[in-house]
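Visitor: Below is one structure. I have some questions about it.
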Amino acid sequence: MSVEHGYKSGSLTLAGTVAMGTGVMIGAGIFALTGQVAEFAGPLFPLAFVLAAVISALSAYTYIKMSAKYPSAGGIAMILEKAYGPVTVTGGAALLMAFSMVINESLVARTFATYTLQLFDAEGLDWLVPVLSIGLIVAAFLVNIAGNEAIGTLSKLAAIAKVGGVLIFAVIALWASGFEYAASGSGGDDSSVLSSAGGFLAGTALAILAYKGFTTITNSGGEVVDPKRNVGRAIMISLGICLVIYVLVSLAVGSALTVEEISAARDYSLAEAARPALGNAGVWFTVVLAIIATASGVIASIFAVSRMLAMLTDMKLIPHRHFGMPGRIQSHTLVYTVVLAGLLAALFDLGRIASLGAIFYLVMDIIIHWGVLRRMREDIGAHPAVLVAAIVLDLLALGAFMSLKAMQDPWIIVIAVGGVVATFGLERLYLSRWRQHDPGPGPLPDEARSQAGRSDESH
């Protein structure tokens, strides 16, 4: 298999794959989402991370079974095509996954900005949040374009710093609090909508975003040593590591702050939780840790999204035009990714970005489970009860989340539903009308798809 575009069969060991998965999952998500989850789930927000891990593990069952039978660099796109064929559902759901990844980049970039501003007296300087966010996205684009071979090494070092730093934060915060859980004594009226079972499920829906990075392992299936055995092992080990760290972090935040305090500092709750234990030094430590996590996360995510979009182009599931830009298709999709992520970071706050990401991801996840349940379960030896459980839990979390957001922020529901409808509608239009006139490449075998970044001079 060609390595020109970053694909090399057998290049990832089990340990390397676990490091990659945890490096993607443990990072900006926990910095941005802890406060958001607590705002919905109340004092029980650490349990929301536990339930989210259970739901993610059930979801991972589908991906593991498919990857064991059909290990491929195609990942999500491969699963959808096997389950549905090269049709509207496949292209639309794959685009939802790509969009959720772009949304995650915006979430990460906004997190970078909000934590960075904690180092300064930034009162009245909220306009700097989108500026810093876009600046990080542009910097990540330039790093990807440069193609520096040191990026891989830097990513591994950043992953070690993130995991180690987050654990240090959790231990110090818990020790300083005397292991007393301050959030348990707050939360307001138990009859409040945000203290209800619906609020807990809504918080769980957001917490799932902190685990969805396991799909990165699926997308790298063709590069893992003995993928039929190691992809599944890597996913479950990564989820287990993340579960332990997320619970420790959420308990640490809950031990330092009440739910009201977490909600007030929801965009930078870890930095605020470090203040009682270590004062300004704790804030600096947490902010620097957040900067490392967010910067490395955006660099890796932009490459992953551009690679996925390039692959969908090669599968002839989405259109592509050069717009006068030279170079490979993946260079062009990098530009599209950066522009879209920058627009989202400029136009939406952290809460709305996280909401869009949760809705798009859960819809895509349900579509994958349904397709595998109906058409692939016997072929891959999947137990239907597990697939049904994954669908039901996804639906419960999605339904609760959308219900509460409809009461709090109906416009984000309108935008999300409109985005889903538009994605499938435009995909249907492309497949039925435009694709027959598009001279670009069509569906290709897995190995040929790994050339997704190649130059396409036919457009």
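Visitor: Being buried (at least 24 other Cβ atoms within 10 Å of the Cβ), among the basic types (Lys, Arg) and in a helix (DSSP H, G or I), is that true of even one residue in region 101-110?
Guide: yes
Visitor: Pull up region 56-95, narrow it to residues that are open to solvent by less than 30 Å² (accessible area, probe 1.4 Å) and among the β-branched types (Val, Ile, Thr), then point me to the one that is modelled with the lowest pLDDT.
Guide: Applying the filter and picking the extreme gives ILE76.
Visitor: Looking at this structure, is THR116 part of a helix (DSSP H, G or I), β-branched (Val, Ile, Thr), crowded, with 16+ Cβ neighbours inside 10 Å and over 19 Å from the mean Cα position of the chain (by Cα)? Even if it seems obvious, please write down each step before you answer.
Guide: Working: part of a helix (DSSP H, G or I): yes; β-branched (Val, Ile, Thr): yes; crowded, with 16+ Cβ neighbours inside 10 Å: yes; over 19 Å from the mean Cα position of the chain (by Cα): yes.
Taking the combined requirement at face value, the residue satisfies it.
Visitor: Would you confirm whether any residue within region 325-346 is among the aromatic types (Phe, Trp, Tyr) and without any contact (Cβ under 8 Å) to a residue 24 or more places away in the chain? Before the answer, list the steps.
Guide: The initial filter retains those residues of region 325-346 that are among the aromatic types (Phe, Trp, Tyr), namely 336.
Add one more test, that the residue is without any contact (Cβ under 8 Å) to a residue 24 or more places away in the chain, and what stays is none.
Looking for residues that are among the aromatic types (Phe, Trp, Tyr) and without any contact (Cβ under 8 Å) to a residue 24 or more places away in the chain, one finds none in region 325-346, hence no.
Visitor: Given (1) at pLDDT below 95; (2) assigned to a helix (DSSP H, G or I), where does PRO439 come up short, assuming only one miss?
Guide: Of (1) at pLDDT below 95; (2) assigned to a helix (DSSP H, G or I), only one is false for PRO439: (2).
Visitor: Here's something else I'd like to know. Would you pick out the residues in region 377-406 that are touching a Lys or Arg at 6+ places or on another chain (Cβ under 6 Å) and touching a residue at least 60 places away in the same chain (Cβ under 8 Å)? Lay out the reasoning, then the answer.
Guide: Just the residues of region 377-406 that are touching a Lys or Arg at 6+ places or on another chain (Cβ under 6 Å), to begin with: 380, 382, 384.
Correct list: ILE380, ALA382.
Visitor: Going through region 317-346 one residue at a time, which ones are open to solvent by 50 Å² or more (accessible area, probe 1.4 Å) and at pLDDT 85 or above?
Guide: Scanning region 317-346 gives VAL339, LEU340, LEU343.
Visitor: Residues that are at pLDDT below 85, under 23 Å from TYR115 (Cα atoms) and under 17 Å from the mean Cα position of the chain (by Cα): does region 236-248 have at least one?
Guide: no
Visitor: Among the residues of region 347-372 satisfying the criterion of being open to solvent by 10 Å² or more (accessible area, probe 1.4 Å) and of a type in the set (D, E, K, R), which is nearest to LEU95 (Cα to Cα)?
Guide: Only one residue tops the list, namely ARG352.
The values are calculated or read from the model by the stated rules, or taken from the named source; none is laboratory data. On a predicted model such as this, the values are computed, not experimentally measured, just so you know. Note that we place each Cβ from the backbone using ideal geometry, even for glycine, and neighbour counts take in every protein chain shown. Protein only, heavy atoms only, side chains kept; ligands, DNA and RNA dropped before computing areas. Shrake-Rupley method; radii C 1.70, N 1.55, O 1.52, S 1.80 Å.
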